Amino acid sequence: MKKQLVMISLLSAAAVTMFATSADAKTFDDKTDVGVQFKSDDPTIPGENKPYKDNLSLIWKPNSFEFGQQKAVAGIATFNNTITGDQYLVVNDDRPTETTGAWKLTAKMSKLVSDATDTKGLEGAKLTYTLDAAQSYDIGQVDPSTNDFTPKNPADDKTVLGTLDPNAAIQLGDGTSTDMTLEAGSTTGKEVIAKTAANKVKGGVATKVTNVKLVVTDTKGAKAAGKSFSGSVTWTLDDLVAP
């Protein structure tokens with residue numbers, strides 16, 4: 001489900017006492033904006049690189065990572081992701097060639113900042129997570145009404161997951177570990193999933209993102225108390241080699 005931003009302008013609903021005024025009385029109006037954002041509560045949401053048909057796309061990604069309200073402390077503190085439900089990364093390769101080339105999905109995390117004027121952010125923050133074993137993903141059939149796939153969410157329907165073809169040349173992480181660390185503010189992406197060689201294996205590959213934690217350092221000394229920090233993880237899918 002896509003996020004929707006609904007901006008609502010409201011007239012004052014306060015009770016008004018009517019009374020007589022003099023002929024030269026004046027009234028002045030001023031306004032205050034009222035806003036609300038409705039976020040999807042699904043743990044895994046669709047990617048935005050459409051159409052999925054005839055394309056290499058990240059079709060499912062974690063909705064958000066949330067760590068709740070915490071007490072600022074000296075030293076290192078680790079907070080657990082509070083999102084309930086399974087969170088997946090799914091890349092689907094439907095490029096219309098017999099052999100498809102290598103690709104890689106990387107991730108990097110922005111600074112965690114308290115507001116638009118916060119240039120330093122929460123220094124030393126790290127996001128850590130683990131990738132479960134890679135599985136195949138069945139994206140289904142093209143819907144004639146849209147001429148595109150309508151993929152099923154693996155968080156809700158595990159029947160779309162299966163055993164990955166051993167010839168798919170899929171690598172998780174750096175190939176030696178599936179434990180991932182993203183440093184806040186780093187400009188270098190960390191490899192998450194990669195197809196390391198061109199071959200004839202097509203379709204989807206999925207991995208569940210688990211054990212998500214936020215590690216912070218000396219939030220008390222950083223005077224983080226009373227502040228909220230936010231940022232984002234950017235997932236970048238690169239088509240590395242033309243088939």
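The values are calculated or read from the model by the stated rules, or taken from the named source; none is laboratory data. Values in this document were obtained by computation on a predicted structure and should not be read as measured data. Note that each Cβ is placed from the backbone with ideal geometry, even for glycine, and that neighbours are counted across all protein chains shown. For accessibility, only protein heavy atoms count, side chains too; no ligands or nucleic acids. Shrake-Rupley method; radii C 1.70, N 1.55, O 1.52, S 1.80 Å.
Any idea of the accessible area per residue across region 66-195, 1.4 Å probe, to the nearest Å²?
For region 66-195, the per-residue accessible area is 53 Å².
Summing +1 for each Lys or Arg and -1 for each Asp or Glu, what net charge is found among the other residues whose Cβ lies under 13 Å from the Cβ of Gly175?
Result for the neighbourhood of Gly175: 0.
Rank Gln70, Asn92, Ala107 by how far each Cα sits towards the positive end of the charge dipole of region 57-112 (+1 on Lys, Arg Cβ; -1 on Asp, Glu Cβ) and give me just the farthest.
Value: Gln70.
Can you give the FRET efficiency for Ala72 and Glu98, using 1/(1 + (r/R0)^6), R0 = 51 Å, r = Cβ-Cβ distance, to the nearest 0.05?
Plugging the Cβ-Cβ distance into 1/(1 + (r/R0)^6) gives 0.35.
Which FRET efficiency value, to the nearest 0.05, do you get for Ser186 and Ser145 by plugging their Cβ-Cβ distance into 1/(1 + (r/R0)^6) with R0 = 41 Å?
Given R0 = 41 Å and the Cβ-Cβ separation, E is 0.45.
Report the net charge of residues surrounding Lys126, where surrounding means a beta-carbon distance below 13 angstrom and charges are Lys +1, Arg +1, Asp -1, Glu -1.
Every neighbour counted, the sum reads +1.
What is the set of long-range amide H partners of Tyr88 at a cut-off below 5 Å, with H atoms built 1.01 Å from backbone N?
Val209
Which residues does a label at Ala225 reach in region 52-74, if reach means a backbone N under 17 Å from a point 7 Å past the Cα toward the Cβ?
So the set is 69-74.
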